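The values are calculated or read from the model by the stated rules, or taken from the named source; none is laboratory data. Only a predicted model underlies this, so the values are computations on that prediction, with no experimental measurement involved. Neighbour counts run over all protein chains shown; Cβ positions are idealised from the backbone, glycine included. The protein model used for the area step is the full one, side chains on, heavy atoms only, and it has no ligands, DNA or RNA in it. Shrake-Rupley method; radii C 1.70, N 1.55, O 1.52, S 1.80 Å.
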Amino acid sequence: MNKNYDVLVIGGGINGCSTAYQLAKRKKQVAVLEKTKVGAEASSAAAGMLGAQSEIKENSPFFDFAKSSRDMFPDLIPELEEKSGISVSFVQNGMLKIADTMAEKEHLEEMYRFQKKEGEQVEWLSSEQVEQIDPSIQGEHFGALYIRGDGQVKAPELTKAYARAAAVEGADFYEYTPVLQLIQKNGSAIGVETPGGSFYADQVILAGGAWSRMIPSLGEQFPELVPVKGECVSLRVSAPVLEKTVHASDFYIVPKPGGSVIIGATEREGEMGKEVSASAVQHLLSKGFSLVPKLQDASWETAWAGVRPQTLDGRPYLGQTHINGLWLAAGHYRNGILLSALTGKWMADLIEGKAADSEWLAAFSPQRNLSEKEEPIVGIND
Ligand SMILES: Cc1cc2nc3c(=O)[nH]c(=O)nc-3n(C[C@H](O)[C@H](O)[C@H](O)COP(=O)(O)OP(=O)(O)OC[C@H]3O[C@@H](n4cnc5c(N)ncnc54)[C@H](O)[C@@H]3O)c2cc1C
């Protein structure tokens, strides 16, 4: 089988599918090559928070990119739902960032002052006000940062919606098609090899999440990605317990339309695999119960794990690699659902030579100087 396309996308996670959607809309001939099924990895493990403001204390290209991506969802979601026929359960019920320690209170107050100064929509609530807004929050706390407009989606559904909408726009999807090797000619990427044959294209975009570096012969200059496994549990409530997403210093609770409540997530750096440890289940349940005791009446639903792709400085790699014609869209760590909207558009702009914002070009370039280590950006979202 020999196939020719304008662009090949390696990886059918949320960022590969969003990129394929934007390219197909621009009439590019696109193929997505996925080693198992669309959304099989991190993108279906995510809690689906779209929080661009919940960890930011200073201006940066990352903050700017995250806010711009968040602001795309209110228009993008109806478009995807209509084209795909898939509901992604987008709600904008807000997020409470709970100060569950005094140190966390100081940290959140600093964030509050910065964001207020920047004109962001953010409020500071005393612990009494928190309990008035959501009476089921009972554990010890010292107030909360309230981000009224924050939204969330069902991440597995959003991933499928991007994929289905991309297919409607003409993209081809090849599931159970692992890319084994990059095909290069005179130092440029011109295609890929799979067990089913070769595919050729003018441009190849690698969106393989935490697995992106595992394709042989990418070379020493290919940037580092660190896998960080995360485990979540989900409970079922018969009547709504929480209305808003609640984010404490090392866990969160996300109430989903339909009665599921997700409690997440662990951070196991360097680990891959989908097993869920008994200790993770115990840890997450005890954290959740201590803040929202009513959750003890919920019934057990399920537990799962996924692998976040982390970069050395916490910013995703979005751009041209050291191999001509090979682009990278990976390393979204804890924010890949939030960043998916703009990742797709940005990658399509790059491929078309239309990406003019030089601040983002340099900040997210896979070829940036990673020897100058920054404080990693810990998750905005999970
Ligand atoms: C527990 C947990 C909770 C999270 N919660 C949130 C949240 O609330 N909000 C948020 O914004 N983010 C969240 N995240 C982060 C988010 O899930 C990731 O950043 C995002 O899913 C990464 O998407 P991706 O498309 O880059 O990678 P993935 O979803 O991992 O997709 C990569 C795909 O590439 C395929 N692939 C890899 N190598 C090959 C190959 N050689 N050939 C073919 N296919 C290949 C894989 O099979 C996979 O399907 C969470 C993550 C975890 C684990």
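Yes or no, residue by residue, for (1) open to solvent by 10 Å² or more (accessible area, probe 1.4 Å); (2) within 16 Å of the ligand (Cβ to nearest atom); (3) modelled with pLDDT of 95 or more; (4) at negative phi:
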{"residue": "Glu110", "(1), (2), (3), (4)": "yes, no, no, yes"}
{"residue": "Phe114", "(1), (2), (3), (4)": "yes, no, no, yes"}
{"residue": "Gln121", "(1), (2), (3), (4)": "yes, no, no, yes"}
{"residue": "Ser127", "(1), (2), (3), (4)": "yes, no, no, yes"}
{"residue": "Glu131", "(1), (2), (3), (4)": "yes, no, no, yes"}
{"residue": "Val153", "(1), (2), (3), (4)": "no, yes, yes, yes"}
{"residue": "Gly170", "(1), (2), (3), (4)": "yes, no, yes, no"}
{"residue": "Glu175", "(1), (2), (3), (4)": "yes, yes, yes, yes"}
Kindly evaluate Lys105 against the criterion of being outside any loop (DSSP other than H, G, I, E, B) and open to solvent by 60 Å² or more (accessible area, probe 1.4 Å). no
Here the qualifying pairs (Cβ atoms under 6 Å; residues six or more apart or on different chains; first in region 31-59 and in contact (Cβ under 8 Å) with a residue 24 or more places away in the chain; second among the acidic types (Asp, Glu)) come out as Ala31/Asp172; Glu34/Glu175; Lys37/Glu175; Ala47/Asp382; Gly51/Asp150; Gln53/Glu120; Lys57/Glu110
What residue, among those in region 115-132 that are part of a helix (DSSP H, G or I) and farther than 11 Å from Leu145 by Cβ, is nearest to the chain's Cα centre (by Cα)? Lys117
Identify, from the list Gly143, Gly230, Gly139, Gly170, the residue that is in the same structural domain as Ser69 (by TED's automatic domain parsing) and not aromatic (Phe, Trp, Tyr). Gly170
Residue check: is Ile205 on the phi < 0 side of the Ramachandran plot and open to solvent by 10 Å² or more (accessible area, probe 1.4 Å)? no
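For every residue, the table says whether it meets (1) out of contact with any Leu (no Cβ under 9 Å at 6 or more places or on another chain); (2) modelled with pLDDT of 95 or more; (3) among the acidic types (Asp, Glu); (4) outside any strand (DSSP E or B).
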residue: Ala165; (1), (2), (3), (4): no, yes, no, yes
residue: Tyr200; (1), (2), (3), (4): no, yes, no, no
residue: Leu218; (1), (2), (3), (4): no, no, no, yes
residue: Phe222; (1), (2), (3), (4): no, no, no, yes
residue: Val233; (1), (2), (3), (4): no, yes, no, no
Could you name every one of the strands (runs of 3 or more DSSP E) located completely within region 289-334 that has at least 3 residues being more than 15 Å from Leu361 (Cα to Cα)? 299-310
Which ones in region 133-145 are open to solvent by less than 30 Å² (accessible area, probe 1.4 Å) and without any contact (Cβ under 8 Å) to a residue 60 or more places away in the chain? Gly143, Ala144
Candidate set: region 177-193, residues that are surrounded by fewer than 20 Cβ atoms within 10 Å (Cβ to Cβ) and within 29 Å of Gly306 (Cα to Cα); chosen: the one farthest from the chain's Cα centre (by Cα): Glu193
Scanning region 306-330 for residues that are among the small types (Gly, Ala, Ser) and modelled with pLDDT of 95 or more, which turns out surrounded by the fewest Cβ atoms within 10 Å (Cβ to Cβ)? Gly325
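Regarding Ser43, is this residue more than 15 Å from the ligand (Cβ to nearest atom), of a type in the set (S, T, N, Q) and touching a helix residue (DSSP H, G or I) at 6+ places or on another chain (Cβ under 8 Å)?
no
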Considering only residues of region 212-233 that are within 19 Å of His332 (Cα to Cα) and among the β-branched types (Val, Ile, Thr), which is surrounded by the most Cβ atoms within 10 Å (Cβ to Cβ)? Val228
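So which residues in region 247-280 are open to solvent by 30 Å² or more (accessible area, probe 1.4 Å) and in a helix (DSSP H, G or I)?
Ala278, Ser279
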Go through (1) surrounded by fewer than 24 Cβ atoms within 10 Å (Cβ to Cβ); (2) more than 6 Å from the ligand (Cβ to nearest atom); (3) among the aliphatic types (A, V, I, L, M); (4) part of a loop (DSSP other than H, G, I, E, B) one by one and return the number of the condition Ala31 breaks. (4)
By residue number, the members of region 235-246 that are buried (at least 16 other Cβ atoms within 10 Å of the Cβ) and closer than 18 Å to Phe90 by Cα are Leu242, Lys244, Thr245, Val246
Can you tell me which residue in region 1-28 is surrounded by the most Cβ atoms within 10 Å (Cβ to Cβ), limited to those that are at pLDDT 95 or above and among the polar types (S, T, N, Q)? Ser18
List every residue pair whose Cβ atoms lie under 6 Å apart, where the two residues are 6 or more positions apart in sequence or sit on different chains, the first residue falls within region 324-348 and is β-branched (Val, Ile, Thr), and the second residue, located anywhere, is open to solvent by 10 Å² or more (accessible area, probe 1.4 Å) and at pLDDT 95 or above. Ile337/Ala46; Thr343/Asn15
